[in-house]
1. Looking at (1) in a loop (DSSP other than H, G, I, E, B); (2) open to solvent by less than 70 Å² (accessible area, probe 1.4 Å); (3) in contact (Cβ under 8 Å) with a residue 40 or more places away in the chain; (4) within 20 Å of GLN1 (Cβ to Cβ), find the lone condition where GLY16 falls short.
2. Consider the stretch 59-96. How many of its residues are farther than 21 Å from SER17 by Cα and either under 10 Å from the mean Cα position of the chain (by Cα) or basic (Lys, Arg) (or both)?
3. Return the pairs, sorted by first residue and then second, in which the second residue is open to solvent by 20 Å² or more (accessible area, probe 1.4 Å) and assigned to a loop (DSSP other than H, G, I, E, B), the first residue lies in the stretch 101-116 and is within 15 Å of GLN1 (Cβ to Cβ), the beta carbons are less than 9 Å apart, and the residues are 6+ apart or on different chains.
4. Which residue pairs have Cβ atoms closer than 6 Å, lie 6 or more positions apart in sequence or on different chains, and pair a first residue in the stretch 45-66 that is touching a residue at least 40 places away in the same chain (Cβ under 8 Å) with a second residue that is assigned to a loop (DSSP other than H, G, I, E, B)?
5. Test of understanding: among LEU11, LEU98, which residue is exposed (fewer than 13 other Cβ atoms within 10 Å of the Cβ), part of a strand (DSSP E or B) and among the hydrophobic types (A, V, I, L, M, F, W, C)?
Amino acid sequence: QVQLVESGGGLVQTGGSLRLSCAASGSTFSINAMAWYRQAPGKQRELVASITSGGSTIYANSVKGRFTISRDSAKNTVYLQMNSLKAEDTAVYYCKLLTFRGMDYWGQGTQVTVSS
């Protein structure tokens with residue numbers, strides 16, 4: 001079993017920055033990739049960014065150049081640095097972990113609200 005604990009969400013003004021963290025514990029030896037998703041009210045959950053165990057990253061077009069995903073393998077923690085935040089970035093952000101066996105785990109979510 002894997003447990004994911006997210007932190008760092010909050011209220012920020014347009015143009016501001018936030019840094020989300022997601023710490024994994026438990027059976028973390030088989031981590032393949034970690035990712036951040038988000039879900040805005042009335043919308044489907046969407047991929048924001050992902051990072052593999054080898055360091056390869058993928059970003060949604062809407063966040064490219066503004067968000068950076070990174071990972072501290074020693075701490076089993078993934079980060080999402082969010083800069084130049086916009087109102088449309090408002091959502092609940094979820095951390096996801098994918099194992100090499102194809103199992104995935106989700107965090108409880110952290111609210112990010114960007115006010116104009």
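1. GLY16 satisfies all of (1) in a loop (DSSP other than H, G, I, E, B); (2) open to solvent by less than 70 Å² (accessible area, probe 1.4 Å); (3) in contact (Cβ under 8 Å) with a residue 40 or more places away in the chain; (4) within 20 Å of GLN1 (Cβ to Cβ) except (4).
2. Pass one, the stretch 59-96, residues farther than 21 Å from SER17 by Cα: 73-76, 96.
Subset that is either under 10 Å from the mean Cα position of the chain (by Cα) or basic (Lys, Arg) (or both): 75, 96.
Count: 2.
3. Within 9 Å, the pairs are ARG101/SER30; MET103/SER30; TYR105/GLN1.
4. If the second residue must be assigned to a loop (DSSP other than H, G, I, E, B), the pairs left are VAL48/ALA60; VAL48/VAL63.
5. Working: LEU98 fails: exposed (fewer than 13 other Cβ atoms within 10 Å of the Cβ).
Criteria check complete, one pass: LEU11.
The values are calculated or read from the model by the stated rules, or taken from the named source; none is laboratory data. No experiment lies behind these values; they were computed from the predicted model shown. Note that we place each Cβ from the backbone using ideal geometry, even for glycine, and neighbour counts take in every protein chain shown. Only protein heavy atoms, including side chains, enter the accessible area calculation; ligands, DNA and RNA are left aside. Shrake-Rupley method; radii C 1.70, N 1.55, O 1.52, S 1.80 Å.
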